[in-house]
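In what follows, a structure is listed as structure tokens, so that the remarks can point back to it.
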Amino acid sequence: MENSSGRLVQPGTSASSTKLVGRAFEQDMKVIRSWLMDDEVSTIGIYGMGGVGKTTMLQHIRNELLERRDISHSVYWVNVPQGFKIEELQDLITKYLNLDLSSKDDDLSRVVKLAKELANKQKWILILDDLWNSFEPQEVGIPIPLKGSNLIMTTRSEMVCRQMNSRNNIKVDTLSDEESWTLFTEKLGHDKPLSPEVERIAVDVARECAGLPLGIVTLAESLKGVDDLHEWRITLKRLKESNFWHMEDQMFQILRLSYDCLDNSAQQCFVYCALFDEHHKIERGVLIESFIEEGIIKEINRQATLDKGHSILDRLENVNLLERIDGGSAIKMHDLLRDMAIQILDEYSLVMG
Ligand SMILES: Nc1ncnc2c1ncn2[C@@H]1O[C@H](COP(=O)(O)OP(=O)(O)OP(=O)(O)O)[C@@H](O)[C@H]1O
Ligand SMILES: [Mg+2]
């Protein structure tokens, strides 16, 4: 077993032992299970915003597969490094195979060797966790068509699923208020029940994460063992004022990765969206006009500028930094992402003086 930098995760990591909360999670798992039984399905994509539970869901699927004698030896889990090189991915897959891919081999013979080895195996399931960019499977040595084997990936971007030619995709959604509360109390792990006064505030505290498991888990960890009513009240107040979370918190570091991958104008547009009211749905047209007024987007003519605005919003939706609503005519921003954007704005203003 290696750590995240070693990129090879075996069962027993914290997420794999997490009890899954949420009806939609159960349903999504059912669908994935049925796809894995279906010979017609070869590639499966799981996408959704950062921290929503994609890896966790897949770890549960992987654990189920490891219980099955027929396939347990052929489940290959790879944590895909951001900006990976082909050789890196080959090496990570090869760790599961009885294959020696020497770095002295030229590129083509590495591809051929790996493809041959995988093609000779009757069935395997290759899981690529956290894919940020698409790639050509053949260039790595993953033989296409997969002929009964499966490629499963998790990614924040729906586009990556499409580019990987995956037609069987699932979007992982946030939890309902009730489910958030279940996860929150479970992670809080109080030995004795919360007093009714604390509980009333705690319900609102959990709601502030707007159903994002990463936020709920992080918050519950920080409030573990806290009985004091005042402390709960202060926490709720700070959450409502968006100054509970710190940019250096691991949670924000994780969410921020999506932002860091954007080009400059998309970053500015994302941050700009945070200036709209919380819980506010923003009409696309209105938003793009604001981008233009602010000088964030500027092309040679009006049509090109509008097109640019739409393409930036498409991109932000695609990487799940914005949520598409009303059939695509408007967008919404998840509360925690809005908090993050506000903090990025604060950072900017500090730098600009
Ligand atoms: N349905 C769930 N029930 C219980 N805990 C969950 C659930 N979904 C996620 N979690 C917890 O939330 C945290 C974030 O989940 P996870 O790492 O799976 O998110 P992710 O979607 O893979 O994020 P990223 O895009 O950063 O890879 C983990 O601590 C995980 O245990
Ligand atoms: Mg993940």
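The values are calculated or read from the model by the stated rules, or taken from the named source; none is laboratory data. Keep in mind the model is a prediction, meaning the values are calculated, not measured. Every residue, glycine among them, receives a Cβ derived from its backbone with ideal geometry; neighbour counts consider all protein chains shown. Heavy atoms of the whole protein, side chains included, go into the accessibility calculation; ligands, DNA and RNA do not. Shrake-Rupley method; radii C 1.70, N 1.55, O 1.52, S 1.80 Å.
Using a probe radius of 1.4 angstrom, the carbon and sulfur fraction of the accessible surface of the chain is 48%. Rounded to the nearest 10 degrees, the inclination of helix 54-66 to the longest alpha-carbon principal axis of the chain is 40 degrees. Only beta bridges with both residues in the chain are counted; by DSSP, about 20 percent of them are antiparallel. From the alpha carbon centroid of the range 310-353 to that of the range 172-199 is 28 Å. Farthest towards the positive end of the charge dipole of the range 250-352, among the residues HIS334, ILE296, TYR272, is the Cα of ILE296, using unit charges on the Cβ of Lys, Arg, Asp and Glu. Comparing GLY148, ILE127, GLY83 along the charge dipole axis of the chain, the residue lying farthest to the positive side is GLY148, per the Cβ-charge model.
Would you mind checking the tilt of helix 177-188 against the longest principal axis of the Cα atoms of the chain, expressed as 0 to 90 degrees and rounded to 10? Value to nearest ten degrees: 80. Between SER222, THR235, SER195, the Cα set farthest toward the positive side of the dipole of the range 177-240 (charges on each charged residue's Cβ, about the Cα centre) is that of THR235.
Determine the gain in length on full extension of the stretch SER265-SER103; use 0.36 nm per residue of separation and subtract their C-alpha separation, reporting nm with one decimal.
Working: separation 162, 0.36 × 162 = 58.32 nm, distance 3.97 nm.
Result for the pair: 54.3 nm of gain on full extension.
Using the average count of surrounding beta-carbon atoms within 10 Å as a protection proxy, the listed peptides 67-73, 119-125, 339-345, 129-135 rank, highest first, as 339-345, 129-135, 119-125, 67-73. On the beta carbon distance between LYS85 and GLN138, with R0 = 22 Å, the FRET formula returns roughly 0.85. Summarising the label geometry, the points placed 7 Å from Cα in the beta-carbon direction at GLU347 and GLU186 lie 3.2 nm from one another. Between GLN122 and ASN243, the simple spin-label model (points 7 angstrom out along Cα→Cβ) gives 6.4 nm.
Annotation note: trypsin sites (Lys or Arg not before Pro) in the range 132-195 located in DSSP loop regions with a Cβ neighbour count of at most 15 within 10 Å are LYS147, ARG167. Surface analysis of the chain yields an accessible area of 51 Å² per residue, using protein heavy atoms and a 1.4 Å probe.
Indicate the gyration tensor shape class of the chain (rounded, prolate or oblate), computed on the Cα atoms with a ≥ b ≥ c the square roots of the eigenvalues: a/c under 1.5 is rounded; otherwise a/b larger than b/c is prolate and the rest oblate. The shape class here is oblate.
Between the range 201-237 and the range 41-105, the alpha-carbon centres lie 34 Å apart. Annotation: extensible slack from LEU66 through ARG233 equals 55.6 nm (criterion: 0.36 nm per residue apart, minus Cα-Cα distance).
Which of the residue pairs LYS240/LYS308; LYS237/LYS308; LYS187/LYS308; LYS19/LYS192 have a Cα-Cα distance greater than 32 Å in the structure shown? Mind dumping the intermediate values first?
Working: LYS240/LYS308 34 Å; LYS237/LYS308 39 Å; LYS187/LYS308 43 Å; LYS19/LYS192 21 Å.
Over 32 Å Cα-Cα: LYS240/LYS308; LYS237/LYS308; LYS187/LYS308.
In the range 14-171, Rg over Rh equals 0.95, where Rg is the alpha-carbon radius of gyration and Rh the Kirkwood radius from pairwise Cα distances.
Roughly how many debye, to the nearest 20, is the charge dipole of the chain about its Cα centre, given +1 on each Lys and Arg Cβ, -1 on each Asp and Glu Cβ, and no other charges?
Dipole size: approximately 940 debye.
When only Cα pairs below 8 angstrom with a gap of at least 6 residues are kept, the range 14-171 shows a relative contact order of 35 percent.
Dipole magnitude of the range 250-352 about its Cα centre, charges +1 at Lys/Arg Cβ and -1 at Asp/Glu Cβ only, in debye to the nearest 20? Numbers along the way, then the final one.
Values: 10 positive and 18 negative charges, 45 e Å.
For the range 250-352, the charge dipole is close to 220 debye.
Let me have the relative contact order for the chain, percent, based on Cα pairs under 8 Å that are six or more residues apart.
On the way: 465 pairs, mean separation 60.7, N = 353.
After rounding, I find 17 percent.
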